[in-house]
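Structure first, commentary second.
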Amino acid sequence: MENFKVLSFQEGDNASHGTSLQGYINATYNQLIELLGKPTYDKPSGDNKIQVEWVVEYKGDFFTIYDWKTYSRQSTENGLSTFNVGGTTNAFDFIQEVESQINK
């Protein structure tokens, strides 16, 4: 976890603007909680398309990890095994790092 900094709600607000889909992380909600802790955004988005979202700083870049269109916190927590990754730069290294930490 030393390579990641999960941002607080206040910090994440500015860092997540302008990100777009860069890839996917194969992980469950519980695995992400264990690795990253509580999500930056722990309440559904206004349009209910996102239930949880982590905003993470990794090597000076910001990435988001979020569920997409599950429309249900229960589905996200109990059935989802692939989360979207957003960013403003290529997320390949970030995704590999997260998945390697989860698979330890």
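List the extent of the Cα atoms of the chain along each of their three principal axes, largest first, rounded to whole Å.
Reported extents, whole Å, longest axis first: 32, 31, 21.
Let me make sure I get this right: for segment 1-52, a, b and c are the square roots of the gyration tensor eigenvalues over alpha carbons, sorted descending. Under 1.5 in a/c it's rounded, otherwise prolate if a/b > b/c, else oblate. Which is it?
Because its axes are fairly even, with a/c under 1.5, segment 1-52 counts as rounded.
Using a cut-off of 18 Å between alpha-carbon atoms, which lysines can reach K5, once sequence neighbours fewer than 8 places away in the same chain are excluded?
Counting by Cα, and skipping residues close in sequence, K5 has these lysines nearby: K38, K59.
When ranked by the protection proxy of mean other Cβ atoms within 10 Å per residue, highest first, what sequence do the peptides 54-67, 27-40 form?
54-67, 27-40
Give me the lysines in straight-line cross-link reach of K49: C-alpha distance below 18 Å, same-chain residues under 8 apart excluded.
The qualifying lysines are K69.
Take every Cα-Cα distance within segment 47-104, group them into 10 Å bins from 0 onward, and report for each bin the whole-number percent of pairs it holds.
Answer for segment 47-104: a P(r) of 22, 48, 28, 2 percent.
Can you give me the long-range amide H partners of V52? Hydrogens built in the peptide plane at 1.01 Å from N, cutoff under 5 Å, separation of 5 or more residues or another chain.
D67
Nearest 500 deg cm²/dmol is fine: what mean residue ellipticity at 222 nm does the chain get from its DSSP H runs of n ≥ 4 alone, each adding -39,500 (n - 2.57), divided by its residue count?
-8000 deg cm²/dmol
Every number in this text was worked out from the coordinates using simple rules, so none of it is lab data. Values in this document were obtained by computation on a predicted structure and should not be read as measured data. We place every Cβ from the backbone using ideal geometry, glycine too, and count neighbours over all the protein chains shown.
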